[in-house]
Amino acid sequence: MTIEREMLLSLPISEVSALIWFVVCWVGYTYYSERKAKKKQCLHNTLHHHREIWMTNMLARDNRVADAALLANLERSVSFFASTTMIIIAGTLTLLGSLDHLENLPLLSPELQRLWGVKLLLLIAIFVYAFFKFTWSLRQYGFACVMIGSAPAKGASGESFDNDAAEVISRAANAYNLGLRSYYFALAFIVWFVSWWAFIGAATLVVLVLYRREFKSKVLKALIRSAEVKIS
């Protein structure tokens, strides 16, 4: 039996139940949103449609500097979060290493100290996952830049280039979205340090906020109207 498993088994039942609910919310919503996107208009499929229009219009232009600049702006946003994630991981590791020096505090018993250690390790795991998603998003945006650089000249046959380029950009955006979603759930996870029942409520609230923004937001309605998207 590994040390990590022993530490998890040492958690109280209420804490384990809260953690299970957190995982169910995160994994369950990710699965639900991906399935729902195939049948219902949402930010994911609507923005993909806009990217197809973008790439089609790009092929009709001689000058594609503006398109490269737009991709560069997207890359900067992802790069910011990737760098921030590394700083957060470093800070959390420092805090984890400082727990041994807090054993004399009256409010931090050995049991609570061990519990905080487990929680900090899980929090680090969340941000490590986010970092991998952000860096993968960066790489895919780099691939999209290469595709734009190799795009057919105006008037030349592009065949399925616009669809393929839009697909690459959408996959980069999806990886970025998964990394950003990790931040939302990390904020809910921090509530676990206060109370397990508040942790359950925070994880549920994050799911409701994500659903509303992805499937019911006003910006989604505006995007749909602007491109007259129809999902069959």
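With contacts taken as Cα pairs under 8 Å and at least 6 residues apart, region 14-227 reaches a relative contact order of 35 percent. Computed from label points 7 Å out along Cα-Cβ, the spacing between ARG139 and SER17 is 4.2 nm. Taking a ≥ b ≥ c as the square roots of the Cα gyration tensor eigenvalues, with a/c under 1.5 meaning rounded and otherwise prolate when a/b beats b/c, else oblate, which class fits region 14-227? Taking the square roots of the gyration eigenvalues as a ≥ b ≥ c, region 14-227 is prolate.
Each value in this text was obtained by applying a stated rule to the coordinates, not by laboratory testing. Keep in mind that what you see is a predicted model, and the values were worked out from it rather than measured. With ideal geometry, Cβ positions are generated from the backbone for all residues, glycine too; neighbour counts draw on all protein chains shown.
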